[in-house]
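J.: Here it is: the structure, laid out below.
The values are calculated or read from the model by the stated rules, or taken from the named source; none is laboratory data. Given the structure is predicted, the values throughout are model-derived calculations rather than measurements. We place every Cβ from the backbone using ideal geometry, glycine too, and count neighbours over all the protein chains shown.
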Amino acid sequence: MMTMIRCVSPVDGSVYAERPALSRDDAKAVVARARNAQKAWAKRPLDERIALVLKGVARLNEMGQEVVTELAWQMGRPVKYGGEFKGFNERSNYMASIAGEALAPVVIEDSAAFKRSIVREPHGVVFVIGNDAFCIAAFNGLRTAGFKGSVTSIPQCLSDATRTAVPGEFLKGMQIAATSPLDDPKSPTMKQYYAVLDKYGASDVDKSSIGGIAMYEALAGFATAVQGLKGDPTPASIAAAAKAMPWSVLPGAGGTHFRCNNKADPNQPAVCTNALLAGTLDAQGKVVSYTPVGDDKIPD
C-alpha cells in the first residue's frame, strides 16, 4: 500500500498538502540521478555556477508573496515576517561573493621537495595512516563524499572492525604499503613467524595483528645486523657490527633486504632499507598478493 506524506496545517488542522512517498528503489534512483547531475554541475565554470545560483535566488524573490503564504499555511509562520527573505538574500549573496576564494585550492607547501595542496574535488590519491578506529572514520568519510580517486593505507588500518564497518566495495582495490605479508599464511616469512610463536608458546599473540610480527621483525632484524659482533657488546661495537653487516634478508619482511651502513638513505643514516611490500585488497579487505618494491641493493 502506498504511504502518503501529509502536511497538516497548524492554522486550522486541515491537510494542506500530501505527496506519495517514494519506494526504496525509487529513492535510490533519485539519489543516483542527483549524483550524476552534480558531476556535470561541477564541470561548469565557477562564474557560471555563481550566476545560475543568483538567478535562482532572484526567481525565488519574484515568488515572494506565494512563498510567504505557503509558509504560513504549512508551518504557521506569520505573514508579517515576510518569509524571512532579508536573511535569505544576505546569506545567498555572501556565499556567492566568497565562492571563488573558498573553493580555490589551499597551497600548503610549494617547494623543491614537495607540492602539497588541498583541492575541492574528490580526485587524486589519499594516503590514510592511523589505527583501525581512525581509518574507519576516514574511509567512510571519503566514501560519503563520493571520493573517486585512489586510496592507499597501511596494515594498521585494517582489522575485523574495519572490514565490518567499511563496505567491501570501497575496500576492494585499495593499495596497501606493508612491511610484512600478514595476509599470506603460506608465505615462508609467515610460516617462520608462526613457528617462532609455537616454539616459545606464544599462544596469546594475535597472529592477525601487524603489531606482533613488527616486534619480531625488529628483534630478528637486530640479531641479523649484529651477528658479526666481536668482543664485548658495547654501544660502539654494536654500531660497528651493524655498519659492517652485508646485504641481508630482513626477517619478517617477505623476502626484502636491508643493510645498516648508512647508505640506504643518505639523508637519514639510521634507515636500513627502502623496501616495502605493495598489496591490493579484495572485497573482504584482505591482500590478494604482495609485490616487493624499492628492494634495490644498498651499495658498499
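J.: Could you please let me know if V119 is surrounded by 10 or more Cβ atoms within 10 Å (Cβ to Cβ) and touching a Pro at 6+ places or on another chain (Cβ under 6 Å)?
T.: Criteria met by V119.
Condition check ((1) within 25 Å of the chain's Cα centre (by Cα); (2) surrounded by 18 or more Cβ atoms within 10 Å (Cβ to Cβ)) across all residues:
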{"site": "F170", "(1), (2)": "yes, no"}
{"site": "T179", "(1), (2)": "yes, yes"}
{"site": "D183", "(1), (2)": "yes, yes"}
{"site": "K199", "(1), (2)": "no, no"}
{"site": "A225", "(1), (2)": "no, yes"}
{"site": "K230", "(1), (2)": "no, no"}
{"site": "A239", "(1), (2)": "no, no"}
{"site": "A242", "(1), (2)": "no, yes"}
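J.: Which residues, taken from segment 154-167, are loosely packed, with under 15 Cβ neighbours inside 10 Å and either assigned by TED's automatic domain parsing to the domain that holds A253 or among the hydrophobic types (A, V, I, L, M, F, W, C) (or both)?
T.: Start the filter on segment 154-167 by keeping residues that are loosely packed, with under 15 Cβ neighbours inside 10 Å, which leaves 160-161, 164, 167.
Selection gives A161 alone.
J.: Ok, one more. How many of the residues making up segment 201-217 are assigned to a helix (DSSP H, G or I) and either among the hydroxyl-bearing types (S, T, Y) or surrounded by 14 or more Cβ atoms within 10 Å (Cβ to Cβ) (or both)?
T.: So in segment 201-217, the residues assigned to a helix (DSSP H, G or I) come out as 210-217.
Imposing the further condition that a residue be either among the hydroxyl-bearing types (S, T, Y) or surrounded by 14 or more Cβ atoms within 10 Å (Cβ to Cβ) (or both) reduces the set to 210, 212-214, 216-217.
So the count comes out to 6.
J.: Determine if segment 5-23 includes at least one residue that is under 24 Å from E101 (Cα atoms) and touching a Ser or Thr at 6+ places or on another chain (Cβ under 7 Å). Walk me through it before giving the result.
T.: From segment 5-23, those under 24 Å from E101 (Cα atoms) are none; that's our starting set.
Checked segment 5-23: no residue is under 24 Å from E101 (Cα atoms) and touching a Ser or Thr at 6+ places or on another chain (Cβ under 7 Å).
J.: Sticking with this structure for a sec: When you look at G221, is it modelled with pLDDT of 90 or more, surrounded by 12 or more Cβ atoms within 10 Å (Cβ to Cβ) and outside any loop (DSSP other than H, G, I, E, B), yes or no?
T.: Values: modelled with pLDDT of 90 or more: yes; surrounded by 12 or more Cβ atoms within 10 Å (Cβ to Cβ): yes; outside any loop (DSSP other than H, G, I, E, B): yes.
Spelling it out, G221 is indeed modelled with pLDDT of 90 or more, surrounded by 12 or more Cβ atoms within 10 Å (Cβ to Cβ) and outside any loop (DSSP other than H, G, I, E, B).
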